[in-house]
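Worksheet: one structure, shown below.
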Amino acid sequence: MQPWLKLAALILVVAALGLPINDLFRYALLVIATVLVVAGVVSARVAPWLGALAAVALCVLGQILFAAPRIAEGHNVFLVDDAGGELSVHSRESGNPDSGSPLARGRTDRGGALAAGLPRAAFQLMATEFNTIYPPARRCARDQVGCWRGQAFPDDAFAFSADGIFDRAAYSRRVTGIDFSDPVRLRLGFINELGYNWNSRVSDVVRAHRNRSSLAFLHQWTLAMPWFVLYRFPADFVGSGLCWRGEVLWERADGAFDTIAHADMQCRTLTPEDVGRDIFGVAIAHELAMRLVPTWHVRLRQLVEPALALIGGAAVLALLVRVRGRRVALPFALIAVTLLVAIFNDASFLGGVRPFDSGDDGLVYDGYARMMLRQLVAGDVAGALQGVEPVFYFTPGMRYLRVAEHLIFGESYFGYLSLVLVLPFLVFALFRRFLPLTWALTLTLVFAAIPVGVLFGSSLVQYIKWAARGFADPAAYIFFLAAFVLLLGRLGEGPRDRFARAFGAGLLFALALFVRPNIAPAAGILLAGAGLAALPQQQLRRVAGLGVGFAAVLGMALHNWIYGGVLVLFTTTAALPRLLLMPPSAYLAALAELAHLNFAGEHVARALRQIGGWLAGPSEIIAMAPLDAAAILVLVRVALWRGAEPWLRLTALATLAQHGVALFYPGDGRYHYLTWLLTLLVVAAWVNGEGLDIVRRWFPHFSVRVAKHPLSLALARGLDRMSEMLER
């Protein structure tokens with residue numbers, strides 16, 4: 001397995017690529033390197049490691065010495081509002097010595113930070129355009145829930161960008177090139193700031209539009225928020241062409257700005273007089289697209305850093321890793337399928353920053369994370385660890401994962417995408433643990449590539465859909481499945497008495513609960529069962545590892561006690577009436593009504609709706625209730641079946657316990673994807689172990705016809721060939 005050697009090799013690859021990894025080219029290199037390292041064998045000899053270290057060091061040195069010239073970029077939403085429609089705050093060019101005073105900052109709460117930080121002439125042009133498009137007389141009321149005027153306004157002239165964390169950019173970030181026709185690909189992180197969480201159905205300033213046409217999957221999102229981008233070019237770019245469609249404010253020598261609007265893409269050559277001057281792209285009245293056509297020597301310098309990253313990463317792999325081609329065929333196939341599903345679901349997930357829907361969990365988590373990042377950059381570690389809330393209300397873990405993601409991947413969602421890429425492998429590992437290889441392959445391919453599983457909450461497309469929207473559920477389920485794979489151990493072997501592996505399983509279960517506490521029943525039963533099974537075998541190190549790793553789950557209660565002074569185990573939402581739809585007392589009341597033959601009682605009706613929603617499953621189609629009920633009966637059968645493998649029985653018990661959550665809390669599909677995926681696992685194992693024998697006994701002729709059907713034979717041959725390839 002070589003976990004530490006493989007981790008060290010990947011760290012060297014990341015060092016060669018450089019942080020943040022926020023473009024598709026370097027992310028693709030990282031994914032390829034990860035597959036090769038994980039599937040291969042890493043050398044333990046000293047000489048190759050010294051060579052790899054030297055190669056990475058030379059790569060990093062070359063990237064520093066031959067760095068491409070950087071362009072200063074600043075961007076932000078453009079929102080201004082006051083009673084008279086004008087803002088009197090002095091701009092940065094007014095020479096007002098008090099522009100940074102508390103009084104001046106107090107005057108910027110309605111958008112005056114833009115007036116204070118932008119050139120006066122540019123600000124006035126943009127403010128006039130904003131007031132024309134959004135006239136004060138037609139604006140929504142400030143006290144109306146969901147109106148943009150009742151939300152936050154920019155507190156700086158230029159928005160914070162995670163891309164600029166490591167180089168301390170003067171504005172938002174520094175870039176080596178410009179090329180965007182869609183602001184989603186420009187990766188404007190401010191669009192998901194928590195303060196801009198206004199309701200587009202209420203507000204006259206809309207956040208975004210989505211084209212749900214199946215043919216528009218590459219460009220589903222149109223950013224409707226008014227925004228601008230500023231570029232300042234160094235002398236290296238003299239002679240390059242700046243092309244744009246839309247409106248640009250180009251600074252003249254006297255500090256005034258020319259307003260230049262193009263209906264189609266047209267270019268203007270950068271001259272020495274343009275060096276260090278402000279060039280604004282404005283997207284208030286018009287959509288904006290921009291592209292820089294660099295001179296040939298700048299283009300060559302732009303190619304040096306990615307070329308060195310490629311050479312450094314390839315050198316690490318060539319020196320340290322040995323892998324057979326057949327071992328990477330299935331991993332690359334699963335990754336390709338996952339990426340295709342992601343593209344057709346929401347292509348912005350691959351390297352873009354889409355505007356999350358107002359009111360969605362995704363906007364809350366990313367908004368919290370961006371606030372925490374700013375605290376972290378400012379050195380306020382304690383404030384960042386607080387996670388915005390002194391006592392957790394929203395499920396806590398996702399905001400911290402987003403912080404880590406932005407530190408490594410900048411203004412992108414490659415971190416969450418990486419988790420999703422792991423999911424099919426975890427599903428395959430679980431199926432392989434309980435089923436023959438051909439069965440595991442078939443079910444994994446159905447899970448990943450055939451959306452029939454949406455009826456049962458067992459399809460990759462469902463996980464990608466909610467991950468792309470920024471919800472926490474898929475991440476929690478992925479951590480849970482990873483923990484379960486570690487807990488089970490390798491195929492054909494019982495769990496070993498190893499502290500490290502057990503610690504990893506316990507820690508991953510704790511992390512899953514940190515992200516989504518509602519999966520506690522299944523995690524608790526699996527951990528308790530594993531611990532009780534290890535005690536008679538005197539596997540004390542395994543028990544200790546599970547306990548120490550899972551103890552991290554107490555971090556939520558510790559956070560609530562330290563920052564909020566109250567003892568709350570997970571979050572404060574567990575007992576909210578709008579979430580706890582059917583508390584135990586409601587079921588007791590329903591039983592009392594039935595005892596009095598009151599079949600139309602209020603609590604009986606509530607209980608029937610709750611049970612119906614549970615049996616409808618993630619599809620939320622009541623017609624699925626009979627099939628889902630049959631699956632639950634199989635869970636009961638396996639849990640009571642002494643002939644079943646102990647781990648399978650424990651899985652059935654844990655799944656039944658997790659089903660119990662749906663009897664009390666909302667039955668929305670995303671809350672229960674993990675439950676039904678585990679149900680599928682147990683049902684498939686039961687069908688393989690007992691169900692097929694029953695069918696053969698009861699329907700012998702039908703079984704023979706199915707087995708001899710040409711499609712069945714062709715499928716069997718294909719799976720056998722793939723199985724042979726994987727087993728070699």
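Quick one: would you say F158 is touching a His at 6+ places or on another chain (Cβ under 9 Å), of a type in the set (F, W, Y), crowded, with 18+ Cβ neighbours inside 10 Å and modelled with pLDDT of 50 or more? Explain how you work it out, then say what you get.
Working: touching a His at 6+ places or on another chain (Cβ under 9 Å): yes; of a type in the set (F, W, Y): yes; crowded, with 18+ Cβ neighbours inside 10 Å: yes; modelled with pLDDT of 50 or more: yes.
Taking the combined requirement at face value, the residue satisfies it.
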Legend entry - Close pairs from the range 537-554: first part of a helix (DSSP H, G or I), partner of a type in the set (S, T, Y) and open to solvent by 50 Å² or more (accessible area, probe 1.4 Å), Cβ under 8 Å, at least 6 apart: none
Inset, instruction - Give the residue, chosen from L588, L558, L581, that is over 20 Å from A522 (Cα atoms) and part of a loop (DSSP other than H, G, I, E, B). - result: L581
Inset, instruction - State all residues of the range 174-207 that are under 21 Å from F414 (Cα atoms), open to solvent by less than 40 Å² (accessible area, probe 1.4 Å) and assigned to a helix (DSSP H, G or I); if no residue qualifies, say none. - result: P183, V184, L186, G189, F190, I191, N192
Inset, instruction - Return the total of residues in the range 631-662 being without any contact (Cβ under 8 Å) to a residue 40 or more places away in the chain, in a helix (DSSP H, G or I), in contact with a helix residue (DSSP H, G or I) (Cβ under 9 Å, 6 or more places away or on another chain) and surrounded by fewer than 18 Cβ atoms within 10 Å (Cβ to Cβ). - result: 2
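Scan the range 262-276 and give yes if some residue there is touching a His at 6+ places or on another chain (Cβ under 8 Å), surrounded by fewer than 21 Cβ atoms within 10 Å (Cβ to Cβ), among the hydrophobic types (A, V, I, L, M, F, W, C) and farther than 30 Å from R142 by Cβ, otherwise no. Steps first, answer last, please.
Step one: list which residues in the range 262-276 are touching a His at 6+ places or on another chain (Cβ under 8 Å), which gives none.
No, there is no match, as no residue in the range 262-276 is touching a His at 6+ places or on another chain (Cβ under 8 Å), surrounded by fewer than 21 Cβ atoms within 10 Å (Cβ to Cβ), among the hydrophobic types (A, V, I, L, M, F, W, C) and farther than 30 Å from R142 by Cβ.
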Legend entry - For L567: the one exception among (1) at pLDDT 90 or above; (2) open to solvent by less than 60 Å² (accessible area, probe 1.4 Å): (2)
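Which of the residues that make up the range 613-624 are open to solvent by 20 Å² or more (accessible area, probe 1.4 Å) and part of a helix (DSSP H, G or I)? Working first, answer last.
Step one: list which residues in the range 613-624 are open to solvent by 20 Å² or more (accessible area, probe 1.4 Å), which gives 613-615, 619-624.
Of everything in the range 613-624, those that are open to solvent by 20 Å² or more (accessible area, probe 1.4 Å) and part of a helix (DSSP H, G or I) turn out to be G613, W614, L615, I622, A623, M624.
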Legend entry - Residue that is at positive phi and within 37 Å of the chain's Cα centre (by Cα), where the choices are G239, G246: G246
Legend entry - Residue list for the range 270-299, filter: out of contact with any Cys (no Cβ under 8 Å at 6 or more places or on another chain), closer than 18 Å to A72 by Cα and part of a strand (DSSP E or B): I279, F280, G281, V282, A289
Legend entry - Subset of the range 9-67 [farther than 27 Å from R301 by Cα, open to solvent by 80 Å² or more (accessible area, probe 1.4 Å) and within 29 Å of the chain's Cα centre (by Cα)]: V38
Inset, instruction - Output the number of residues of the range 325-338 satisfying the condition of being touching a residue at least 40 places away in the same chain (Cβ under 8 Å) and closer than 30 Å to V56 by Cα. - result: 9
Legend entry - Evaluation of S213 against (1) open to solvent by 70 Å² or more (accessible area, probe 1.4 Å); (2) of a type in the set (S, T, Y); (3) at pLDDT below 95 (one fails), failing number: (1)
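The values are calculated or read from the model by the stated rules, or taken from the named source; none is laboratory data. Note that this is a predicted model, so its numbers are computed, not measured. Glycine also receives a Cβ, built like all others from the backbone with ideal geometry; neighbour counts cover every protein chain displayed. Side chains are part of the model used for accessible areas, which takes the heavy atoms of the whole protein and leaves out ligands, DNA and RNA. Shrake-Rupley method; radii C 1.70, N 1.55, O 1.52, S 1.80 Å.
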